[in-house]
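Contents: one structure, followed by commentary.
The values are calculated or read from the model by the stated rules, or taken from the named source; none is laboratory data. Note that the structure is a prediction, hence the values are computed from the model and not measured. Note that we place each Cβ from the backbone using ideal geometry, even for glycine, and neighbour counts take in every protein chain shown. To get the accessible areas, we keep the full protein, side chains included, count just its heavy atoms, and leave off ligands, DNA and RNA. Shrake-Rupley method; radii C 1.70, N 1.55, O 1.52, S 1.80 Å.
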Amino acid sequence: MGNAAGKREKVLRLRQEECDIDIDALGHFSFGIAPDHEVQHYMPPQFPIIPRLTKDRVQTCMRTWELVQSASTEKMKQYGKPGIVLFYDEFFYRLFERDTTMALVFPNTKQRGEVLIKALTFILGVRADAPADVENVKNSCRFLGHRHRTFMKVRPHHFATYAMTLVEVVMYWLGDMASHDVGQAWSNTTGFILRYLLEPYLFSRTDPYELYQNTTIAAVREITESTAQGLASAMDKSGRASRSSEHK
């Protein structure tokens with residue numbers, strides 16, 4: 001016992017990559033999902049109302065992303081930098097200009113890059129060769145959305161801002177190759193993923209004061225509740241006055 005007590009205890013530590021879950025191996029999603037009208041409330045207005053995932057659109061996204069990643073477009077060639085560097089810089093510049101609260105979600109450069117790569121890998125990794133593939137994508141998106149419920153600094157409107165900016169920057173760097181069909185491919189594919197990601201994320205947690213865009217939620221709530229309390233107080237006084245006059 002003396003020897004056992006004198007030995008230093010070994011502590012098992014898991015790195016983050018060892019804890020990652022293969023969401024395709026989790027089976028069918030069986031947790032709660034938000035109703036359609038709440039999900040639609042947080043979708044970017046520039047995206048299709050009902051995004052469709054198709055094989056042709058996924059292939060178009062893969063083909064055009066390769067052009068951006070390799071800096072093969074005329075707009076990118078003039079800078080002489082890797083495509084992912086140009087994309088990263090433009091993406092986060094626009095993201096933080098559009099919504100300053102994103103800096104709280106992504107406080108450091110390493111995290112920003114990791115999340116961006118994971119998002120692009122997920123989008124470009126979906127398959128829509130058959131109806132079963134599309135259902136599998138829905139399932140994977142729902143598990144991913146459920147996992148995002150644990151990220152306390154993420155708000156519902158952040159998803160729309162992130163997805164909208166991503167598509168916008170892809171189109172920007174494609175330049176003359178950013179055709180209508182390419183825009184349809186990216187907005188439908190990204191929108192499809194976003195829609196089914198939001199279903200579990202929003203379940204039983206929708207804030208009626210919050211919109212897809214940035215809002216001063218606390219101020220809006222304070223004004224609304226103050227007005228409601230004022231109306232209730234006025235009605236109460238009116239009722240008391242009415243009862244008092246009846247007794248006279």
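Is it the case, given these coordinates, that A132 is over 19 Å from the mean Cα position of the chain (by Cα), over 16 Å from L198 (Cα atoms) and free of Cβ contacts under 8 Å to residues at least 24 places away in the same chain? Spelling it out, A132 is indeed over 19 Å from the mean Cα position of the chain (by Cα), over 16 Å from L198 (Cα atoms) and free of Cβ contacts under 8 Å to residues at least 24 places away in the same chain.
Residues in region 173-195 include at least one that is small (G, A, S), touching a Cys at 6+ places or on another chain (Cβ under 7 Å) and surrounded by 22 or more Cβ atoms within 10 Å (Cβ to Cβ). Determine whether V170 is in a helix (DSSP H, G or I) and either modelled with pLDDT under 95 or open to solvent by less than 10 Å² (accessible area, probe 1.4 Å) (or both). Here the answer is yes, as V170 does meet what is asked. In region 162-172, the qualifying residues are those that are farther than 14 Å from L116 by Cβ and of a type in the set (A, V, I, L, M, F, W, C), and the one that is nearest to the chain's Cα centre (by Cα) is M164. One residue stands out among those in region 52-80 that are in contact with a Ser or Thr (Cβ under 7 Å, 6 or more places away or on another chain) and within 26 Å of K138 (Cα to Cα): the one that is most open to solvent (accessible area, probe 1.4 Å), which is R57.
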